[in-house]
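Everything below concerns the one structure shown next.
Nothing in this text is a laboratory measurement; each read-out follows from the coordinates by a stated rule. Every value quoted in this text rests on a predicted model; they were computed, and no experiment measured them. For neighbour counting, all protein chains shown are included, and Cβ atoms are generated from backbone atoms with ideal geometry for every residue, glycine included.
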Amino acid sequence: MCGRARCALDRDQVLAVAGVPADRWRDYEFFLPKHNLGPGSRTPIVRRDEEGGAELQTMTWGLVPSWTKKEEKLDFFRMFNARSETVPEKTVFSRLLGSKRCVVLLNGFYEWAQEHKTKQPYYIYLDGDRVMRMAGLYDSWQDAEGNWLTTYTILTTDSSKRLQWIHDRMPVILPDAQAEEAWLQNGVLDSKQYTALCSPYNGDDLQWFPVTTAMSKPDFQGPECCKPLKRQSIATFFKPKNTALAPEPEAEKLQTSEASTPLKNEEGADAAKAACSVKAEAPPYHADTKDTQEAIPGPAASQQGTVSASKRQRQEEKPDKDRYYVQ
DNA sequence: CCAGACGTTGTT
DNA sequence: GTCTGG
DNA sequence: CCAGACGTTGTT
DNA sequence: GTCTGG
């Protein structure tokens, strides 16, 4: 699933990545880059206007349906994810499927693995820190004073093989520009297309490493959030050849730790820099080295080669007739 | 017709 | 708002 | 999602 | 364990 994320892009990078002119970003002033954010935080979201032009809007993570009572206390945690498999059936989400689709721009997200008696957080991202685009749905709600609040939810799907070791659910990651276009495109999505878009991201450029448990606190904002954690037990976290990260364990067969290469600090630093440096559109780089043996799951080097493509807000919502998701 | 709900996770 | 249940 | 709190009574 | 807060 996906309950914590990172969006450290600065505003220019957001504009560049979204391919949107600066004057088409509503509420840009409300977005602040953060290494550690969760529901209730605001991030840049891409959507289409009525003419089909792309635009950005800073929205709050955690869907608050438009019909939420004005006096009700807002809960951004209740609907920060939506199961893509059941979205078409759930009234709260299906009404948004036809005209309120959006794309969430993130550097990556966090998942916690139960290791022994503790929870070890992992930062999950794309090679070269390419921006991750997730499928979302949004809605707008008006408070008693007439102020608009626009919120979104991130769709989830089954985890890909690559990520199953840490969770059985993962966010819906749009693999390429074509998928993003299809998701954002105005109008109805047929169910087949919808299902295809929501399939688990299977690119072998999905990477991860463990990070400090300090970031488990929602308000911890240090850059360590996206720095590989050095742990004795995982000396071989990095490949000998200073390439990308972790050896790929098929999580299961790890137990056999053979020649473990001690972690070189510099390598760790480089990898951390690579992941942390915000290269909006850095070309994907490959983890050329294969095999590694680790007790800690690391990104797989192989896998079938696949996808790898690359406080108040104002807004006038017209009561759209939400006709969507037609067979 | 009106009333009431509308969600995902993980864990047990 | 929209769907389900009574 | 994780972290942190979770209570009453009586007395000063 | 379970609820609240961020």
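Structure above, values below:
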| item | result |
| --- | --- |
| Label-point separation in nm, residue A:85 to residue A:16, each point 7 Å along Cα→Cβ | 4.0 |
| In Hz, Karplus ³J(HN,Hα) per residue of the stretch A:208-214 (6.51, -1.76, 1.60; θ = phi - 60°; x = Gly, Pro) | 6, 7, x, 10, 4, 6, 4 |
| Nitroxide proxy distance, nm - points 7 Å out along Cα→Cβ at residue A:181 and residue A:75 | 4.1 |
| Projected label distance in nm at residue A:67 and residue A:50, using a 7 Å step from Cα toward the beta-carbon | 2.4 |
| A:60, A:195, A:91 arranged by Cβ crowding within 10 Å, fewest neighbours leading | A:91, A:195, A:60 |
| Estimated FRET transfer efficiency (residue A:148, residue A:114; beta-carbon r; R0 41 Å; 0.05) | 0.55 |
| For the stretch A:87-135, convex hull volume per residue from C-alpha positions, Å³ | 112 |
| Potential extension, residue A:168-residue A:196 segment - 0.36 nm per residue separation minus Cα distance | 8.2 nm |
